[in-house]
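Okay, structure first, notes after.
The values are calculated or read from the model by the stated rules, or taken from the named source; none is laboratory data. Nothing here was measured: the structure is a model prediction, and the numbers come from that model. Note that we place each Cβ from the backbone using ideal geometry, even for glycine, and neighbour counts take in every protein chain shown.
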Amino acid sequence: MPLLILFFLLYLVESITNLSPRTEAIVSGLADSFSWRIRIFLALCAATGWIANATSGARSAAAQNRLHEADSRNPAAGGSSHEWGRALDVNFTKGAVTLLKSTPKAVWVASGIPFLASLCGLRWGGNFSNYYDPIHFDAD
Ligand SMILES: [Zn+2]
């Protein structure tokens, strides 16, 4: 049993450092204090077969305003944790299944990913009352 735990920990460390190039670039741009929590979260997801495809991380106030202008449900500049590098937008793939922003909440919940996020102290955008945003994970 101790050997199994050791192999799992080695797998976890490997997963933490083995993100796709695009996801690695986005995670590397997050705030240091947040990126390690995200790396552990993504490694736990990988351990259950869900591969992360990050689409957005830290962004400038101008970029945030552009998103707000495109869809007013997105916060304006000054109102998003993306602006201080403490939020990640990420799709997940397992085999033929990909979890996207348009994927129903029940499917996301059944994946176990929101539970893993809560274990890591992350807030899940799938629970936002005003704007269903299941690809969004952040921390205060
Ligand atoms: Zn987001």
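Restricting to the stretch 48-61, what's the tally of residues that are assigned to a loop (DSSP other than H, G, I, E, B), of a type outside the set (A, V, I, L, M, F, W, C) and either loosely packed, with under 12 Cβ neighbours inside 10 Å or in contact with a strand residue (DSSP E or B) (Cβ under 7 Å, 6 or more places away or on another chain) (or both)? Final tally of qualifying residues: 3. Search the stretch 14-34 for residues that are touching a residue at least 40 places away in the same chain (Cβ under 8 Å) and pair each with any residue that is hydroxyl-bearing (Ser, Thr, Tyr) and assigned to a helix (DSSP H, G or I) when their beta-carbon atoms are under 9 Å apart and the residues are at least 6 apart or on different chains. Listed pairs, sorted by first residue: Val27/Ser35; Gly29/Ser35; Phe34/Ser81.
Residue count for the stretch 14-31 under the criterion of being in a helix (DSSP H, G or I) and out of contact with any helix residue (DSSP H, G or I) (no Cβ under 8 Å at 6 or more places or on another chain): the result is 6. Tell me which residues, restricted to the stretch 62-76, are in a loop (DSSP other than H, G, I, E, B) and under 20 Å from Arg123 (Cα atoms). Once the filter is applied, which keeps residues that are in a loop (DSSP other than H, G, I, E, B) and under 20 Å from Arg123 (Cα atoms), the stretch 62-76 yields Arg73, Asn74, Pro75, Ala76. Contact annotation: residue pairs with Cβ atoms under 6 Å, 6 or more positions apart or on different chains, pairing a residue in the stretch 109-133 that is more than 16 Å from Leu44 (Cα to Cα) and part of a loop (DSSP other than H, G, I, E, B) with a partner that is charged (D, E, K, R) and within 16 Å of the ligand (Cβ to nearest atom), are Tyr131/Arg73. Restricting attention to the stretch 77-96, does a residue exist that is under 22 Å from Ser15 (Cβ atoms), more than 10 Å from the ligand (Cβ to nearest atom) and exposed (fewer than 14 other Cβ atoms within 10 Å of the Cβ)? Within the stretch 77-96 (the criterion being under 22 Å from Ser15 (Cβ atoms), more than 10 Å from the ligand (Cβ to nearest atom) and exposed (fewer than 14 other Cβ atoms within 10 Å of the Cβ)), the answer is yes, since at least one residue qualifies.
Scanning the stretch 49-76 for residues that are closer than 30 Å to Gly95 by Cβ and either within 15 Å of the ligand (Cβ to nearest atom) or aromatic (Phe, Trp, Tyr) (or both) yields Trp50, Ala52, Asn53, Ala54, Thr55, Ser56, Gly57. Looking at (1) more than 18 Å from Ala46 (Cβ to Cβ); (2) more than 14 Å from the ligand (Cβ to nearest atom), which one does Leu99 not meet, given that it meets all the others? With respect to (1) more than 18 Å from Ala46 (Cβ to Cβ); (2) more than 14 Å from the ligand (Cβ to nearest atom), Leu99 is out only on (1). Against the conditions (1) within 14 Å of the ligand (Cβ to nearest atom); (2) surrounded by 13 or more Cβ atoms within 10 Å (Cβ to Cβ); (3) not β-branched (Val, Ile, Thr), Cys45 satisfies every one except (1).
When Asp89 is tested against (1) more than 23 Å from Asp32 (Cβ to Cβ); (2) in contact with a Ser or Thr (Cβ under 8 Å, 6 or more places away or on another chain), just one condition goes unmet, and that condition is (1). When Lys105, Lys101 are checked against the criterion of being charged (D, E, K, R), over 15 Å from the mean Cα position of the chain (by Cα) and at pLDDT 95 or above, Lys105 stands alone in meeting it.
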